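Trainee: Got a structure for you, written out below as C-alpha cells; questions coming shortly.
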Amino acid sequence: MGTITDPKGLTRRQLLSRSTAAGASFVVGAGFLAAPNAAWAMETTVLKPETFATLVQMARDIYPHDKVGDEFYVMAVKGYDTADAAPGIEAGIAALDAAAQGHGFGGYLDTGWERDRVDILRGMENSAFFQQIRGGLVTGLYNQKAVWPIFGYEGSSFEFGGYIDRGFDDINWL
Amino acid sequence: MTAPFDLTDDSVVVVIGTGAGGGVLANELAQKGVSVVALEAGGRHLPEDFVNDEWASFGQLAWVDPRTTSGDWRVAKDFSGLPAWIVKSVGGTTQHWAGASLRFQDHEWKAATTYGNVQGASLLDWPIDAAEMAPWYSKAEDKLGVTRTGDRPGLPGNNNYKVFEKGAKALGYEQVHTGRMAINSDDNRDRAMCQQTGFCFQGCKWGAKWSAGYVDIPEGEATGNLEVRSQSHVARILHNDAGKVTGVEYFDSDGNLQMQKARVVCVAGNSFESPRMLLNSASSMFPDGLANSSGQVGRNYMRHMTGSVYATFDKPVKMWRGTTMAGIIQDESRHDPSRGFVGGYELETLALGLPFMAAFLDPGAWGREFTSALDAYENMAGMWIVGEDMPQETNRVTLNHDVTDQYGLPVVNVHFDDHPNDIAMRNHAYQQGQAVYDAVGATRTFPTPPYPSTHNLGTNRMSANARDGVVNKWGQTHDIENLFISDGSQFTTGAAENPTLTIVALAIRQADHLASELSKGNL
C-alpha cells in the first residue's frame, strides 16, 4: 500500500503516528483500517476511517481492558458503519474532537494519556451519543464469545455435561 | 368432555397464565376432573430448547413487551423500560427462577400486628396464617421436590457457596446451608439430578429444576382435562349484567381476537399483567376496572428489598460453575427492630455470567473502576439479598394510556419508591454481605444495586375486609364471585422469602377450594 492521503490532507504516515501517540494501534487509510500485527483488518464503508479509529479508541477508553485486543473493540462498534448510523456517529465524534480541542488538544486522538481522554469523556457522559456508544458496548463487547476466555468465563457447559465432574467445587485456597 | 374445548363451552375454568400460580392451578384442577382452558401469552419452550447463553436466553424467554416506570427506585433509571425480569413462556417465570423454596416465617403472615405502625406503609395481616398453610406448604414441597424437606438431601456446595459459607461461619452465622431448592439432589426422582451446569436462570436443560412448563402442564394435559393455548394474549375479561364474568377475549397466535366463554376465570399473569387485565376490562358497570370497588387494584406493589454483593479475591473462584443459587444465610431473616428496621432478609448465593455481570454489576458505570472489577471476574464470588419490603399504597401499577403494546392495549406504568425501611434494610444487608466476603480475604467488594424485579408481588392483595384489598382468603375477588386471582399479586405482604413456594402452595389450596365449590354447584 502506498501513501494514502486522507480527506484532511494528512498522510497515512501522519495518521498512523497520530494514532500511535494516542495508544491506538491502527493503520488507517482511505476506507481501510488494520492492526500493524495483522490481527484484524476492516474496511469502513460509510464512516470516515479516522472517525472509526476515534470511535474504537473511545470504546476502549469507556471499557478499558488491557488484556483485550483492539479487534474486539472494532467488532463491538463496527455495526455503526452503516448508512443509518453513520451520520450520528460522525456528528458525535466531531463533538468529541471539539471537546478535545476545548481541553487543548488537536483532537481526541492527539491526547497522550488515557486520563486526558477520560476527562474529555466525563464532560460528555450524559450526552445521547456517549450513552449510545456505552450502552451498545455492554453487549457489543462483553457478549462476544471470543472475548469470554480472556476473562476466564467458560460459557455454555451443558454440552460438556455441566461441571458435576469438571470442578464445580474445586476451590482449593480457602 | 375432554380437551380441546370449544370457544363457546361455558363450563370451563379459564386460567390466564401458566406460571407458578396458573400452571399449578391448571394442573391441580385438571387432576380433579375440572375442565380447564389455560391461556398463555408466551410460547412453549422445553429443556431441549433452552440455551446456556444469557442474552440469547433472555431473547428467547423474557417478557419484553413495553412497560414504563416512575419513582425513585434505581431500576427506573437503569432499566426504564424493563421494570421486571420475568418470562413469557408456557411455565412463566418458573422457567427462569433459581429454585429457592422457603416457607414464610410464622410472624410474616401477621406483618401489621408484628411490626406495628410503620409510617407510610400499608401493612396488613394476611387473612390466613402459618397453621392454615402448613399442609399446603408440604404438598408444594413434595410437588417441587424441595431439597432439605421430606427425605430429600441438600445439594452439594459449589465454589461460590464454599466462599460464602466460610465467610458466614467466620462472622458467626449459624443458619448456613445449600438451601431448600426445587432442584433434584439425587437420582431417585422422576426428574434428573442436578449436573452443576450453572445457567439455572436460562432454563434447566436437564429438567432437574422444577418448572410448571415441563412438569405441571404436561401432567395436566395428560388428564385430557386441560387445554393450553400458547401465544394467546388476553385483552380483557367480559362480564354480564349480573356482574359475573362470562368469558375472556384474547388475541390468538395469529393475532386474531377470540372469545372463550368461561364458568370461572382465574387470573395469574404476574403482578403487572394481572392488574393490567382487570383495569383494561373496565366497563360501564365497573368503570374503574374489574374487582376494583376498593380502589386497591394495582396498589401495594412490592418487589422485595433486593441488591447483590459481589467480591473479588486474589485467587480464582469460578462462581458460574454449578447451581446458581444453592446457598443461604438465614440468620438475618428474623424480625429484630434493634437493627434499625422491621422484618428481615435472606442472603443467597448468586452468580452471573460475564455478559450479565457487565450489564448488572453497576449499570451505567464505565472506566477503570468498573472494568478492573470485570478483569477479576474469574476471582469473583456473589450473593443476592432478598428481604421484606414495605407495602405502600402509592407504589402501584397503573395503565399508561400514552403507550400501547403490539395489540394496541395500554401498557402498565410501574411506580415504585423505596420506603425508608427498605433503604435501612438494604444498607444493613450490604454491610453484612461485604463483611462475609471480607472475612475470607476479599480484595474488593461491590454493593450492587437491584436488578429488574423477578419477585413482583401485591397489586391484587388478599384481605379479610373487602375495603382493604382485592381478594379474600381463597384468592376470590371480593366483588365478583367467579373471578379469582391465582398468582403473586395476591400477596398481602411480601415476607423475606423467595415467593414461588408460597404461590404454589396457594394455588394448590385454591384448586382444592375451587373444585369443591364447583362440585357443590356454588360457582
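Trainee: Over the Cα atoms of region A:67-121, compute the convex hull volume and normalise it per residue, giving Å³.
Mentor: 88 Å³
Trainee: What is the ratio of the Cα radius of gyration of region B:441-523 to 2.2 N^0.38 Å, with N the residue count, to two decimals?
Mentor: 1.47
Trainee: Treating cross-link reach as a plain straight distance, find the lysines whose alpha-carbon is under 16 Å from the alpha-carbon of residue B:261, omitting any fewer than eight places away in the same chain.
Mentor: B:244
Trainee: Over 31 Å between Cα atoms, which of A:145/B:143; A:78/B:315; B:110/B:139 qualify?
Mentor: From A:145/B:143; A:78/B:315; B:110/B:139, over 31 Å: A:145/B:143; A:78/B:315.
Trainee: Kindly write out, for region A:97-102 in residue order, the coupling ³J(HN,Hα) from the Karplus curve 6.51 cos²θ - 1.76 cosθ + 1.60 (θ = phi - 60°), rounded to whole Hz, with x marking Gly and Pro.
Mentor: 5, 5, 5, 5, 5, x
Trainee: If you don't mind, there's one more thing I want to ask. Heavy-atom accessible area per residue, chain B, 1.4 Å probe: how many Å²?
Mentor: 31 Å²
Trainee: Still on this structure, I have one more. What translational diffusion coefficient, to the nearest whole µm²/s, does chain B have by Stokes-Einstein, given a Kirkwood radius computed over alpha-carbon pairs, a temperature of 20 °C and 1.002 mPa s viscosity?
Mentor: 94 µm²/s
Trainee: Shape verdict for region B:103-182, please, from the Cα gyration tensor: rounded (a/c under 1.5), prolate (a/b greater than b/c) or oblate. List each step's numbers first, then the result.
Mentor: Working: a/c = 3.30, a/b = 1.39, b/c = 2.37.
Oblate, because a/c is 1.5 or more while a/b does not exceed b/c.
Trainee: I need to check one value: relative contact order of region B:12-112, counting alpha carbon pairs closer than 8 Å and at least 6 residues apart, in percent.
Mentor: 28 percent
Trainee: Amide H of residue B:70 versus every other amide H placed in the peptide plane: which residues, excluding those fewer than 5 positions away on the same chain, fall under 5 Å?
Mentor: B:414, B:415, B:416
Trainee: In whole Å, what three semi-axes, largest first, describe the equivalent ellipsoid of region B:274-324 built from its Cα gyration tensor (square root of 5 times each eigenvalue)?
Mentor: Numbers: eigenvalues 450, 29, 8 Å².
Those come to 47, 12, 6 Å.
Trainee: Counting only protein heavy atoms and rolling a 1.4 Å probe, how much accessible area do B and A lose on contact, total for both sides, in Å² to 100? All intermediate terms of the calculation are to be shown ahead of the outcome.
Mentor: On the way: alone 18010 and 9750 Å², together 24040 Å².
Summing both sides, the interface buries roughly 3700 Å².
Trainee: May I pose another question? Leaving out ligands, DNA and RNA but keeping every protein chain, what accessible area does residue B:401 have, in Å² rounded to the nearest 10, with a 1.4 Å probe?
Mentor: The accessible area of residue B:401 comes to roughly 130 Å².
Trainee: Please check region B:345-375 for residues whose accessible area, probe 1.4 Å, is lower by 50 Å² or more when all protein chains are in place than in their chain alone.
Mentor: The answer is B:354, B:355, B:366, B:368, B:371, B:375.
Trainee: Sum -39500 (n - 2.57) across every DSSP H segment of at least 4 residues in the protein assembly as shown, then divide by the residue count to get the 222 nm mean residue ellipticity, nearest 500.
Mentor: Result for the protein assembly as shown: -8500 deg cm²/dmol, rounded to the nearest 500.
Trainee: Let me check something: with ligands and nucleic acids excluded, how do B:318, B:261 order by accessible area (1.4 Å probe), largest to smallest?
Mentor: Of B:318, B:261, the descending order of accessible area is B:261, B:318.
Trainee: Another question, then. Run a plain Debye calculation on region B:306-354 (Cα atoms as equal point scatterers, no solvent) and give log10 I(q)/I(0) at q = 0.19, 0.23 Å⁻¹, rounded to two decimals, same order as the q list.
Mentor: Values, matching the q order: -0.75, -0.92.
Trainee: So which aspartates and glutamates can residue B:205 reach, going by Cα to Cα under 13 Å and dropping same-chain residues fewer than 8 places off?
Mentor: A:159, B:48, B:49, B:53
Trainee: Also, quick follow-up: Over chain B, what is the mean sequence separation of C-alpha contacts under 8 Å (at least six apart), divided by residue count, expressed as relative contact order in percent?
Mentor: 25 percent
Trainee: Using a 1.4 Å probe on the protein chains only, how many percent of the accessible area of the protein assembly as shown belongs to carbon and sulfur?
Mentor: Percent of accessible area from carbon and sulfur atoms in the protein assembly as shown: 48.
Trainee: Given points 7 Å out from each Cα along the Cα-Cβ axis, report the residue B:131 to residue A:91 separation in nanometres with one decimal.
Mentor: 7.0 nm
Trainee: Report, to the nearest 10°, how far helix B:500-519 tilts away from the longest principal axis of the Cα atoms in chain B, using its own Cα long axis and a range of 0 to 90°.
Mentor: 20 degrees
Trainee: Let me ask you something else. What distance in nm separates the simple spin-label points at residue B:240 and residue B:401, each placed 7 Å from Cα in the Cβ direction?
Mentor: Roughly 3.1 nm, to one decimal.
Trainee: Could you give the length gained on full extension between residue B:372 and residue B:222, defined as 0.36 nm per residue of separation minus the Cα-Cα distance, in nm?
Mentor: Details: separation 150, 0.36 × 150 = 54.00 nm, distance 5.29 nm.
Taking 0.36 nm per residue and subtracting the Cα distance, the gain is 48.7 nm.
Trainee: Between region A:31-104 and region B:204-283, what is the C-alpha centre distance in whole Å?
Mentor: The two parts, judged by their Cα centres, are 49 Å apart.
Trainee: Report the local net charge at residue B:161: Lys and Arg +1, Asp and Glu -1, summed over other residues whose C-beta lies under 15 Å from its C-beta.
Mentor: Taking every other residue near residue B:161 into account, the sum is +2.
Trainee: Apply 1/(1 + (r/R0)^6) to the Cβ-Cβ distance of residue A:174 and residue B:74, taking R0 = 25 Å, and write down the FRET efficiency to the nearest 0.05. Provide the component values of the computation, followed by the final result.
Mentor: On the way: r = 33 Å, r/R0 = 1.32.
FRET efficiency, residue A:174 to residue B:74: 0.15.
Trainee: Any idea of residue A:48's accessible area? Nearest 10 Å², probe 1.4 Å.
Mentor: 100 Å²
Trainee: Please state the Cα pair-distance histogram of region B:372-420 with 10 angstrom bins from zero: what percent is in each bin?
Mentor: 19, 24, 20, 27, 10
Trainee: Take the Cα of residue A:131, step 7 Å along the line toward its Cβ, and report every residue of region B:63-104 whose backbone nitrogen sits under 20 Å from that point.
Mentor: B:66-84, by backbone N distance to the label point.
Trainee: Continuing with this model, one more query. Along each of its three principal axes, how wide is the spread of alpha-carbon positions in region B:138-248, in whole angstrom units, largest first?
Mentor: 65, 31, 27
Trainee: Per-residue mean of other chain beta-carbon atoms within 10 angstrom of the beta-carbon, peptide B:316-326?
Mentor: Details: counts 5, 4, 9, 1, 7, 11, 8, 3, 0, 0, 0.
Per residue, the average neighbour count from other chains is 4.
Trainee: Follow-up. Provide the per-residue ³J(HN,Hα) series for region B:401-414, in order, calculated from phi with Karplus coefficients 6.51, -1.76, 1.60 and θ = phi - 60°, each as a whole number of Hz, with x at glycine and proline positions.
Mentor: 6, 7, 10, 10, 8, 5, 9, x, 8, x, 8, 8, 9, 10
Trainee: With everything on Cα atoms, drop me the angle between helix B:270-280 and the longest principal axis of chain B, reported from 0 to 90° to the nearest 10.
Mentor: The answer is roughly 30 degrees.
Trainee: What relative contact order, as a whole-number percentage, does region B:198-325 give when Cα pairs under 8 Å and 6 or more residues apart are counted?
Mentor: 20 percent
Trainee: Using a 1.4 angstrom probe on the protein heavy atoms only, line up A:117, A:122, B:299 by accessible area, largest first.
Mentor: Ranking A:117, A:122, B:299 by accessible area, largest first, yields A:122, B:299, A:117.
Trainee: Once phi is turned into ³J(HN,Hα) by the Karplus curve 6.51 cos²θ - 1.76 cosθ + 1.60 with θ = phi - 60°, what whole-Hz value does each residue of region B:374-388 show in order, with x for glycine and proline?
Mentor: For region B:374-388, the Karplus curve yields 5, 4, 9, 3, 5, 9, 9, 10, x, 9, 10, 9, 9, x, 6 Hz.
Trainee: Against the longest principal axis of chain B, how steep is helix B:159-170, in degrees 0 to 90 to the nearest 10, with axes from Cα atoms?
Mentor: 70 degrees
Trainee: May I pose another question? Please give the peptides B:487-494, A:84-91, B:304-311 ranked by average Cβ packing (other Cβ atoms within 10 Å per residue), highest first, as a rough proxy for protection.
Mentor: B:487-494, B:304-311, A:84-91
Trainee: Full-extension gain between residue A:43 and residue A:101, please, as 0.36 nm times their residue separation minus the C-alpha to C-alpha distance.
Mentor: Details: separation 58, 0.36 × 58 = 20.88 nm, distance 2.76 nm.
So the chain would gain 18.1 nm between residue A:43 and residue A:101.
Trainee: For B:244, B:88, B:169, B:520, give the ranking by accessible area with the largest first, probe 1.4 Å.
Mentor: B:520, B:169, B:244, B:88
Trainee: Calculate, in whole percent, how much of the Cα-Cα pair population of region B:28-78 lies beyond 13 Å.
Mentor: Percent of Cα pairs beyond 13 Å in region B:28-78: 75.
Trainee: Which far-off residues, 5 or more places away or on another chain, put their amide H under 5 Å from the one on residue B:444, with H placed in the peptide plane?
Mentor: B:312
Trainee: Binning at 10 angstrom from zero up to the longest distance, how are the C-alpha pair distances of region A:88-157 distributed in percent?
Mentor: Answer for region A:88-157: a P(r) of 19, 37, 27, 15, 3, 0 percent.
Trainee: Could you work out, for region B:54-148, what percent of all Cα-Cα pairs fall into each 5 Å distance bin, beginning at 0 Å and stopping at the bin that holds the largest distance?
Mentor: Taking all Cα pairs of region B:54-148, the binned fractions are 2, 11, 12, 12, 14, 18, 17, 12, 2, 0 percent.
The values are calculated or read from the model by the stated rules, or taken from the named source; none is laboratory data. Please read all numbers here as calculations on a predicted model, not as lab measurements. Positions of Cβ are backbone-derived with ideal geometry, glycine not excepted, and every protein chain shown enters the neighbour counts. Remember, those area values only see protein heavy atoms, side chains included, never the ligands or the DNA or RNA. Shrake-Rupley method; radii C 1.70, N 1.55, O 1.52, S 1.80 Å.
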